[in-house]
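Right, one structure below, let's go through it.
Only the coordinates and a few stated rules stand behind these numbers; no lab work does. None of these values were measured; they are calculated from a predicted model. Neighbour counts are summed over all protein chains in view; Cβ atoms, including those assigned to glycine, are modelled from backbone coordinates with ideal geometry.
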Amino acid sequence: MGVALPALMLAMSASHTANAQSANDAEVKALRAQVEQLQKAVNQLSSGQQQSTADAKAAKQQADEAKAKAAQAAAETAKLQKATANANAALIPAKASASASDLEIDAQGHSFLQKKKGNPLTFYTPGGEITAYGNIDISADATSKSVVDFGNGNFHSNGTTPPVGNFGWLPAIASNASYLGVRGFQRLPSSEFNFVYQFELGYDISATPGLRQTNSQISDNVNGALFNRNTWVGFANPEFGAIKIGKTNAPYDSSTGGFNPFAGQIGDMRVIMGNTGGDNRVEFSARLEHSIWYESPTVGGFQFNALFAPGQNRANNSDNIPAGSSDCAGGNDPLSGGLFPQGL
């Protein structure tokens with residue numbers, strides 16, 4: 001009995017130890033399994049985070065592209081709306097009468113007296129344009145009534161008696177062709193023609209405006225009077241040409257103006273040229289009043305003007321003034337007369 005009891009206790013102790021070891025192994029396995037599960041979860045979370053980051057970048061890129069496309073679409077829509085508005089405005093017929101607010105913007109989309117690009121003195125009017133223009137030309141000259149010196153300061157020709165006075169070279173100051181004016185056009189409703197107009201005046205810089213009367217020229221034309229130069233109204237169309245009425249340079253003057261290097265100056269060709277007006281009058285190159293004329297369009301590089309001025313010379317010797325005029329059509333003494341140019 002004394003030997004059996006320790007052996008039983010030893011067996012029981014060994015059995016308990018084995019059971020404890022088995023329990024510990026099972027717990028370790030369970031813990032390892034949990035660790036593996038946690039590691040898998042961590043790996044899954046890490047992989048998911050990386051995928052989320054990539055997805056976020058892709059989503060941001062797509063959003064940026066969509067935003068750019070939306071901005072481009074908005075710009076194209078704005079252009080289309082503006083083009084549509086302009087097209088609709090061009091189709092709006094002109095009103096017979098309009099209020100002040102209606103005239104702020106015309107059918108072409110321009111406000112009243114809006115400055116036109118490219119020309120500093122052109123402005124829009126309701127259905128048209130108006131342009132201001134001018135020229136300032138003043139010179140200091142040395143002039144003479146005759147340059148033929150026969151000695152002793154006597155200037156004469158053809159054996160005639162020399163004129164009285166100092167006809168040699170004298171200093172002079174001239175305003176030449178100095179002028180101001182406005183011109184423009186207005187579109188006519190339901191018509192292919194435009195109403196056109198020009199109002200132009202000459203002015204003196206070096207002298208007081210008044211009668212053009214000197215010791216060698218008699219004239220009742222007031223230099224500096226309102227619209228004393230080319231002034232007219234009319235109708236024009238690029239395809240059919242223009243018809244105008246008023247006063248203007250003769251077609252001869254218009255056609256030869258490009259060959260006149262001193263136009264409007266003291267060496268102007270009209271100073272040294274005469275014709276059938278008599279004396280040194282130059283009807284062919286004059287400004288003709290009471291005129292009506294036609295200006296053709298340019299066809300094949302050619303263009304022509306045809307002018308009619310009734311009553312320019314009503315006397316049989318061309319010494320009368322045009323009906324209603326204060327001056328001879330040729331711009332000189334209306335009493336001088338003569339059918340042919342006088343000899344030098």
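Assorted remarks:
- Residue-by-residue Karplus 3J(HN,Hα) for the stretch 242-252, coefficients 6.51, -1.76, 1.60, Hz, glycine and proline x: 9, 10, 9, 9, x, 9, 7, 5, 4, x, 4
- Cα→Cβ-extended label distance, 7 Å offset, between THR131 and ASP64, nm: 5.3 nm
- With the simple model of a label 7 Å out from the Cα in the direction of the Cβ, PHE308 to ALA142 spans 5.1 nm.
- In nm, spacing of pseudo-spin labels at ALA225 and VAL299 (7 Å Cα→C-beta vector): 3.9 nm
- Contour minus Cα-Cα distance for GLN50 and ILE292 (0.36 nm per residue): 78.0 nm
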